Amino acid sequence: MLIRINRARRRLTMLVAFLSASAWLLPTALTLAQAPSPAAASSPAAAPKPITTADIKAISGPSAADLAKGDPGGTITGTVNDIPVTNTKTGLTLEDVVNTVGQNRIAINLVWTLITGYLVMFMQAGFAAVETGLCRAKNANHTFMMNFMVYGVGLFAYWVMGFALQQGGSAGNTNLGGLSPLNSEFTINFIGGKPWGLFGERGFFLSGGAYDVGVMVMFLFQMVFMDTAATIVTGAAAERWKFAAFMISSVFIAAITYPLYGNWAWGGGWTSQLGVNYGLGHGYCDFAGSGVVHAVGGMTALALAMILGPRIGKYSKSGKPNPMPGHDMTMVLIGCFILAFGWFGFNPGSTLGASGNGNLRIGSIAVNTMLAGSTGSIASLLYMWIRFGKPDASMAGNGLLAGLVAITAPSGFVNTVGAAIIGFFAGMLVCLSVEFVERMLKVDDPVGAISVHGACGLWGVISVGLFADGTSNYGGSWNNVPGSVTGLFYGDPSQLVAQLIGCATLVGIVFTLSYVFNWMVDVIVGQRVGAQTELGGLDLPEMGALGYPEFQLVTAGLGRSVEVTAAD
């Protein structure tokens with residue numbers, strides 16, 4: 001019995017040893033069997049087999065019976081069945097597939113640009129609310145109507161000639177299909193014999209070759225940007241501007257001044273080519289328009305406010321400014337929120353696409369936009385609280401807008417830390433600028449437009465030359481200069497030089513053109529309403545109807561209600 005047990009133990013031990021050896025030998029043998037021979041390892045890998053039309057035809061989609069059952073999970077919708085066939089006789093080909101892929105990419109970009117353009121258009125309502133709320137009730141109809149009609153007047157002038165001057169030589173944007181019809185830029189040879197683009201020559205009335213799907217999308221997007229610049233002016237000139245003069249001035253900015261600077265920055269003009277021609281970074285860079293949109297509007301607003309002069313009662317005989325508060329702070333802050341919402345179209349939309357060419361950066365651009373607005377409002381609130389003892393609602397709103405304005409140019413080139421810093425400095429700057437414009441320049445700006453859009457727009461342009469971190473990659477180049485835009489703090493001081501040239505152009509050329517033209521309008525038509533009309537309010541004399549007909553309006557300083565008729 002004991003002998004049999006010992007034999008069984010020996011057999012069990014041998015079996016365990018055999019299984020252990022097998023557990024090691026089997027994987028090793030399989031590995032050796034699968035390993036290529038030395039000759040095979042040294043031979044080049046086989047080239048991938050190209051896809052052919054035959055391969056495409058072999059792909060089958062869901063049957064009609066399957067589709068008839070419905071597709072609650074979305075698993076059989078959007079298949080080979082949905083690819084358009086050019087020739088039904090030959091059936092689906094490789095060419096059909098490739099063309100569909102290309103068209104889908106352009107379609108994504110067109111839809112993205114259109115939707116963001118719609119958001120920017122809605123900003124018009126925000127501007128109307130902010131400006132009207134910051135003005136007195138007796139001018140509510142007039143102020144709101146300026147914000148309303150600048151859209152129609154500006155759009156028409158931009159369609160006639162503004163778009164052509166700005167974008168008529170901007171062909172080559174692959175996000176929107178190339179924009180090939182916009183292929184003519186008027187240039188001169190200037191410093192160093194280099195070509196300087198001055199204005200475009202294609203696209204008047206959107207006719208001829210400009211009757212193009214990509215060009216139409218570009219027009220819509222650029223038009224709402226132009227309209228933003230034009231409506232900035234109405235705030236600085238509010239409560240004393242003749243409506244007829246406003247109409248004339250709006251045509252000029254939409255047809256001439258805005259398109260010219262827009263061409264120099266975005267249409268292939270001379271400031272954008274400072275990098276190619278003179279080695280200054282990537283040329284003047286303004287991703288979404290701190291300079292092109294906001295500073296152009298701010299410089300025009302400064303010129304017009306200087307020509308109009310201050311409102312009656314704004315300054316005492318000693319030159320001390322008197323407060324003239326608006327009538328509805330809730331309207332102001334609601335308008336600020338509308339503008340902040342619309343800025344998600346303004347900045348991320350300026351990629352002009354969501355597919356390819358580095359356009360996935362739209363998420364970073366959106367976050368940068370939010371952060372700068374946040375830090376701008378915080379900075380303004382703290383400044384006013386510390387300086388005057390109370391947090392000021394109107395300046396908190398202007399601080400939000402100041403941060404948004406400042407981040408507009410650098411939004412596509414900076415990281416979140418840079419965005420937060422840029423917004424915070426803008427929030428401080430707008431407070432300082434409002435005091436400087438009002439107390440030192442003696443320029444009356446009822447809504448702070450000169451400071452929000454002018455001063456902070458210039459700061460946004462400069463900040464590109466400081467904070468651009470060199471990580472953006474929009475198709476491998478910007479303004480025909482290879483590589484990514486990089487500012488002073490990240491190793492390229494020449495970019496700051498290009499940005500400063502852009503600022504000097506804004507102050508020197510845009511301001512001058514705006515001042516000269518509006519001075520001529522003042523001489524010929526007259527820019528300002530009469531004193532009696534201004535004291536009683538512009539609603540009835542200029543517009544024929546009160547914004548608040550059930551209110552009894554009282555003019556400050558007179559201590560009595562004022563009866564105003566259209567004859568006044």
Checklist line | Integer Hz, Karplus 6.51/-1.76/1.60 couplings in order for the stretch 491-502, x for Gly and Pro | finding: x, 10, x, 5, 5, 5, 4, 4, 5, 5, 5, x
Notebook entry, point to check: For the stretch 386-533, which whole percent of the accessible surface, found with a 1.4 angstrom probe, sits on carbon and sulfur atoms?
Noted result: 69 percent
Check: Sorted by accessible area with a 1.4 angstrom probe, largest first, how do THR90, THR351 fall?
Finding: THR90, THR351
Check: Quick one: which of 253-259, 529-535 comes out on top by average Cβ neighbours within 10 Å, and what's the full order, highest first?
Finding: 253-259, 529-535
Next item on the list: Provide the FRET efficiency to the nearest 0.05 for the SER184-ALA47 pair, computing r from the beta carbons and using R0 = 35 Å.
Entry: 0.20
Margin query: Between the stretch 259-284 and the stretch 384-404, how far is it from one alpha carbon centroid to the other, in angstrom?
Written below: 35 Å
Margin query: If I ignore ligands, DNA and RNA and count only protein heavy atoms, how much of TRP264 is accessible to a 1.4 Å probe, in Å² to the nearest 10?
Written below: 20 Å²
Next item on the list: Pull up all non-local amide H partners of TYR315: gap of 5 or more, or a different chain, and H-to-H distance under 5 Å with H placed in the peptide plane.
Entry: ASN322
Notebook entry, point to check: For the stretch 489-526 and the stretch 311-378, what is the separation of their C-alpha centers, rounded to whole Å?
Noted result: 21 Å
Note to self: Quick query: amide H of SER477 versus all other amide H atoms, modeled in the peptide plane; which residues come in under 5 Å with a sequence gap of 5 or more or a different chain?
What the structure shows: GLY483
Check: Out of PRO482, MET440, ALA54, whose Cα points farthest toward the positive end of the dipole of the chain (charges: +1 Lys, Arg; -1 Asp, Glu; placed on Cβ)?
Finding: ALA54
Item checked: For Cα extents along the principal axes in Å, calculated from these coordinates, the label among (1) 71, 55, 50; (2) 127, 69, 61; (3) 68, 60, 50 -> (2)
Next item on the list: Provide the per-residue ³J(HN,Hα) series for the stretch 414-429, in order, calculated from phi with Karplus coefficients 6.51, -1.76, 1.60 and θ = phi - 60°, each as a whole number of Hz, with x at glycine and proline positions.
Entry: 10, 8, 5, 5, x, 4, 5, 5, 4, x, 5, 4, 5, x, 6, 4
Checklist line | Rounded tilt (10° steps) of 296-308 against the dominant C-alpha axis of the chain | finding: 10 degrees
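What number, rounded to the nearest 500 deg cm²/dmol, is the helix-based mean residue ellipticity at 222 nm of the chain, given -39500 (n - 2.57) per DSSP H run of at least four residues and division by all its residues?
-17000 deg cm²/dmol
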Item checked: Computed magnitude of the charge dipole of the chain (debye, nearest 20; Cβ of K, R +1, Cβ of D, E -1) -> 2180 debye
Next item on the list: With a Förster radius of 25 Å, plug the Cβ-Cβ distance of ASN81 and LEU360 into 1/(1 + (r/R0)^6) and report the FRET value to the nearest 0.05.
Entry: 0.30
Note to self: For the chain, take the longest principal axis of its alpha carbons; what is the angle in degrees between that and the long axis of helix 511-524, to the nearest 10 within 0 to 90?
What the structure shows: 40 degrees
Next item on the list: Compute the acute angle (0 to 90°) between the alpha-carbon long axis of helix 393-408 and the principal axis of greatest extent of the alpha-carbon atoms of the chain; round to the nearest 10°.
Entry: 50 degrees
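The values are calculated or read from the model by the stated rules, or taken from the named source; none is laboratory data. Treat the numbers as computed from the prediction; the structure is a model and nothing was measured. Don't worry about glycine lacking a Cβ; one is built from the backbone with ideal geometry, like all the others, and counts go over all protein chains shown. Heavy atoms of the whole protein, side chains included, go into the accessibility calculation; ligands, DNA and RNA do not. Shrake-Rupley method; radii C 1.70, N 1.55, O 1.52, S 1.80 Å.
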